[in-house]
1. Looking at the stretch 10-24, can you tell me whether even one residue there is on the phi > 0 side of the Ramachandran plot and of a type in the set (Ser, Thr, Tyr)?
2. Pick from Cys7, Cys34: which is touching a helix residue (DSSP H, G or I) at 6+ places or on another chain (Cβ under 6 Å) and touching a residue at least 24 places away in the same chain (Cβ under 8 Å)?
Amino acid sequence: MLNYGKCTNIGICNKANTSELILIVNPKFKCPECDDELSFAAPKESSTLQKALPIALILCIMGLGGFWMLNSKKIASTSAQVTKTTHLKTQLTEKK
C-alpha cells in the first residue's frame, strides 16, 4: 500500500505552501524539500464522473460504429441495385 504525507512547514517549504501530496518512499517520513516531519494524508479519490466518462465515451464510439456499419450495408445494397438496374437499361437500349 502506498503511503502519502503532507508537509506542515507552511511559509518555509514550497510543498507545504501548495499542499502537495508526497509519496513516502523512505522510512524516515520526512519532507524531501525541508526535511520536516510529514503528516499522514490520503490521496484524492477520483469522482464518479471521472470514472464513468471514459466508459460512456467508448460506448458512444461503439454505438456510432455500429450505426455506420448498418447504414453502409444498406447503401452498398442500394448502390448494387442501382448499378444492376442501370446495366439492364443499358442492355435494353443497345438491343434496339
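No value in this document is a laboratory result; all are computed from the given coordinates. Note that the structure is predicted; figures quoted are calculated from it, not measured. Don't worry about glycine lacking a Cβ; one is built from the backbone with ideal geometry, like all the others, and counts go over all protein chains shown.
1. yes
2. Cys7
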